[in-house]
Amino acid sequence: MKIIKKILVVLLVVFIIMQFFGPERNEGDIVTVDAFIAETNPPSDVKHILETTCYDCHTDVTTYPWYNKITPVNYWLADHVKDGKKHFNISAWDGYNLKKKEHKIHELIEEVEEKNMPLESYTYTHGDANLTDEQIAAVVAWGKGVRANYQEQLKAE
């Protein structure tokens, strides 16, 4: 029994020490989304949806919840953000070529339409990120319009 207590004390000490370390935070500047917003021109309702459901994981600016201060949760969240930005980074929009922009909008449409985005793990703690059918339809309609515009530009090249 004494050995179990010693192991538990050691684990507690390690857990406490871990709290002083954490991953790099995704705290860039919100102006990095300006190019995307200016170019894709979402209506106000879609812009609000993007802000509340996409920005935390798909831009250089994340609004962290209180529980992000707890290790190992902060590492898990950092991994989600890193993975999200790898697939679609609104803050890097200016650096994408036309073909990549068209492809990313196509992926956005598919992921939202199939209800793969936002992630279920995100909507657990962000109730306003649970999209209604009307919100999904608005995002998809906007995305299809943006994609059509990119396709026209690609044909003209």
What pairs come up if the first residue lies in the range 49-62 and is more than 18 Å from I136 (Cβ to Cβ) and at pLDDT 90 or above, the second is outside any helix (DSSP H, G or I) and of a type in the set (A, V, I, L, M), and their beta carbons are under 6 Å apart, counting only those six or more places apart or on different chains?
-> none
Return yes or no: is G143 under 20 Å from A35 (Cβ atoms), in contact with a Leu (Cβ under 6 Å, 6 or more places away or on another chain), not in a loop (DSSP other than H, G, I, E, B) and not basic (K, R)?
-> yes
When G22 is evaluated against the numbered criteria (1) out of contact with any Asp or Glu (no Cβ under 8 Å at 6 or more places or on another chain); (2) part of a helix (DSSP H, G or I), which criterion, by number, is the only one it fails?
-> (2)
Among (1) under 19 Å from V33 (Cα atoms); (2) of a type outside the set (A, V, I, L, M, F, W, C); (3) surrounded by fewer than 18 Cβ atoms within 10 Å (Cβ to Cβ), which single condition is T125 missing?
-> (1)
Scope the range 17-55; condition charged (D, E, K, R) and farther than 24 Å from G145 by Cα; matching residues | E24, R25, E27, D29
Across the range 39-61, which residue is surrounded by the fewest Cβ atoms within 10 Å (Cβ to Cβ) among those that are more than 20 Å from D79 (Cα to Cα) and hydrophobic (A, V, I, L, M, F, W, C)?
-> V46
In the range 107-119, the residues that are surrounded by fewer than 19 Cβ atoms within 10 Å (Cβ to Cβ) and not in a helix (DSSP H, G or I) | E114, K115, N116, L119
Candidate set: the range 128-140, residues that are loosely packed, with under 13 Cβ neighbours inside 10 Å and in a helix (DSSP H, G or I); chosen: the one modelled with the lowest pLDDT | D128
Is there any pair with a first residue in the range 27-41 that is modelled with pLDDT under 80 and a second that is part of a helix (DSSP H, G or I) whose Cβ atoms are under 7 Å apart and which are 6 or more apart or on different chains, and what are they?
-> G28/S91
Of the residues in the range 83-130, those that are of a type in the set (D, E, K, R), farther than 22 Å from V61 by Cβ and over 14 Å from the mean Cα position of the chain (by Cα) come to K99, E102, E110, E113, E114, K115
Here the residues within the range 68-106 that are surrounded by 15 or more Cβ atoms within 10 Å (Cβ to Cβ), in a helix (DSSP H, G or I) and in contact with a His (Cβ under 9 Å, 6 or more places away or on another chain) are V81, G84, K85, I90, S91, K104
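The values are calculated or read from the model by the stated rules, or taken from the named source; none is laboratory data. This is a predicted model, so every value here is computed, not measured. Every residue, glycine among them, receives a Cβ derived from its backbone with ideal geometry; neighbour counts consider all protein chains shown.
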